[in-house]
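Below is one structure, written out as structure tokens; the observations come after it.
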Amino acid sequence: MNKLSWDLDLGKLNWKNYTMNFGYGIKHFILKEEAALPSMGYNDVVQRMNQQNTMVGWLPYVKTGRPIRGRNHPDMIKMILNKESVKEEMASLVSKRLEYYRGTMHLDTTEDQVYREVEKSANDSLNTIISDYSHKALSMFASVMKFILTTIYEKIVVNEGALKKVKELCANRKGPIIFCPTHRSYVDFLLVSSVLFFY
């Protein structure tokens, strides 16, 4: 009787559209998060990756564009340590540490010795944080991630319209743009990096 009243054949459903709209509904109405309709500029990254069969074909900087020359490791450290705000903070730290050494520890320490100690600590921290940018390493990473993502996932849906706005923002402003993954899974930062690379 129900089948006669409600002629619903699951085999006739467009599961692709249903799944995309179901995900939108969960995000927008249940989680109350910002979301756009799946029909508005979305595309499949896996399909985009699979259309590129060779490394030369899908690495954007191999055929077009000028080489990107980033600052090397020593230049980055020098630039950071020469900033006025960093110098002021280091001077404050030297003063506090010198007072501690002489007053509490009763050590005969010179200001120059304490400054060298603070400078070494700052260099060690920067050496840990800063990495060298390498096209070769980037291309190897992208190649591995292409294989992993196209093997694991059937589809990765991204909003190409929003990505286009991000690219325009990058071109029209000074300074870096920082992406903050929500870390709903450990694959988030890898996925964000790969999507940005392919676009």
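Scanning the range 20-52 for residues that are in contact with a Pro (Cβ under 8 Å, 6 or more places away or on another chain) and at pLDDT 75 or above gives Asn21, Gly23, Tyr24. Counting only residues that are over 17 Å from the mean Cα position of the chain (by Cα) and within 26 Å of Val86 (Cα to Cα), the range 105-150 holds 20 of them.
Are there any pairs, at least 6 apart or on different chains, whose C-beta atoms fall under 6 Å, with the first in the range 173-186 and in a loop (DSSP other than H, G, I, E, B) and the second of a type in the set (Phe, Trp, Tyr), and if so, which? So the pair list comes out as Pro181/Phe189.
For the condition at pLDDT below 80 and within 25 Å of the chain's Cα centre (by Cα), Met1 does not qualify. Among the residues of the range 115-140, just one is modelled with pLDDT under 85 and either within 19 Å of Glu88 (Cβ to Cβ) or aromatic (Phe, Trp, Tyr) (or both), namely Tyr133.
The values are calculated or read from the model by the stated rules, or taken from the named source; none is laboratory data. In this text the structure is predicted, and so the values were computed from the model without any measurement. Cβ atoms come from the backbone with ideal geometry, glycine included; neighbour counts cover every protein chain shown.
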